């Protein structure tokens, strides 16, 4: 069974440009999350989808960040325009809704560098 | 206030010995879950072990066990028989809310960098 996959694994962009990160959750997982870790800080929650609906987006830093999950499958996280402080690693995670849904599986992360 | 505290920025252990990584948490929610993740230098976050607040026994997964002391609000990870491949960053995390509900947000600690020496 494929795990959570993220693309791209690394991205270097200039300040002011746009970057779109993609996440494919584990098949059958209704819950999808985005987290990020900026340099020297803890891993922080960004938002949570249940299928295609945003359940909790309290961690989104500002309106330069837009997350979508059309059709309830893969998700994208767009940063537009990117700022220097957006540099960090963006993790996607997924879990089942019930049963063994206590386990939250993470992807390998998308490393973003804004220069 | 910190919800998850990992007081050890770095730890060293000799190969084949056991090591305990500390984690304390703060919550007023009676229902919560505690997770440990491993992040090797390659970057991926690997799920290791989970402990629910209502679980009667300490969780174990192979060489990993969780020393859950509810009254002290601690959830230390014990790695037995350390291997060189255990060298990585280890994160403790907490999820508050009922498992059947929709609150799956994790709060992470700052992590502990474990180095296993040959």
Practice problem: Would you mind listing the strands (runs of 3 or more DSSP E) fully within the stretch A:20-107 where at least 1 residues are touching a strand residue (DSSP E or B) at 6+ places or on another chain (Cβ under 7 Å), touching a residue at least 40 places away in the same chain (Cβ under 8 Å) and on the phi < 0 side of the Ramachandran plot? | Solution: A:31-37, A:44-50, A:75-79, A:88-95
Exercise. All but one of (1) more than 14 Å from chain B (Cβ to nearest Cβ); (2) farther than 29 Å from residue B:113 by Cα hold for residue A:50, so report the exception by its number.
Key: (1)
Quiz item: residue B:40 fails exactly one of the following numbered conditions: (1) within 11 Å of chain A (Cβ to nearest Cβ); (2) surrounded by 19 or more Cβ atoms within 10 Å (Cβ to Cβ). What is the number of that condition?
Solution: (2)
Practice problem: Among the numbered conditions (1) out of contact with any strand residue (DSSP E or B) (no Cβ under 7 Å at 6 or more places or on another chain); (2) over 25 Å from residue A:108 (Cα atoms); (3) surrounded by fewer than 16 Cβ atoms within 10 Å (Cβ to Cβ), tell me where residue B:29 comes up short. | Solution: (1)
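For (1) over 28 Å from residue B:110 (Cβ atoms); (2) in contact with a helix residue (DSSP H, G or I) (Cβ under 6 Å, 6 or more places away or on another chain); (3) surrounded by fewer than 17 Cβ atoms within 10 Å (Cβ to Cβ); (4) at pLDDT 95 or above, each residue gets a yes or a no:
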{"residue": "A:2", "(1), (2), (3), (4)": "yes, no, yes, no"}
{"residue": "A:42", "(1), (2), (3), (4)": "no, no, no, no"}
{"residue": "A:61", "(1), (2), (3), (4)": "no, no, yes, no"}
{"residue": "A:72", "(1), (2), (3), (4)": "yes, no, yes, no"}
{"residue": "A:79", "(1), (2), (3), (4)": "no, yes, no, yes"}
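Here's the yes/no breakdown for (1) over 12 Å from the mean Cα position of the chain (by Cα); (2) in a strand (DSSP E or B); (3) without any contact (Cβ under 8 Å) to a residue 60 or more places away in the chain:
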{"position": "B:35", "(1), (2), (3)": "no, yes, no"}
{"position": "B:38", "(1), (2), (3)": "no, yes, yes"}
{"position": "B:49", "(1), (2), (3)": "no, yes, yes"}
{"position": "B:72", "(1), (2), (3)": "yes, no, yes"}
{"position": "B:76", "(1), (2), (3)": "no, yes, yes"}
{"position": "B:81", "(1), (2), (3)": "yes, no, no"}
{"position": "B:104", "(1), (2), (3)": "yes, no, yes"}
Quiz prompt | Criterion (in contact with a strand residue (DSSP E or B) (Cβ under 6 Å, 6 or more places away or on another chain), under 22 Å from residue A:110 (Cα atoms) and within 8 Å of another protein chain (Cβ to nearest Cβ)) met by exactly one of B:107, B:112 | solution = B:107
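The values are calculated or read from the model by the stated rules, or taken from the named source; none is laboratory data. All figures in this text were calculated on a predicted structure; none of them were measured in a lab. A quick note on method: Cβ atoms are made from the backbone with ideal geometry, for glycine too, and the neighbour counts reach across all protein chains shown.
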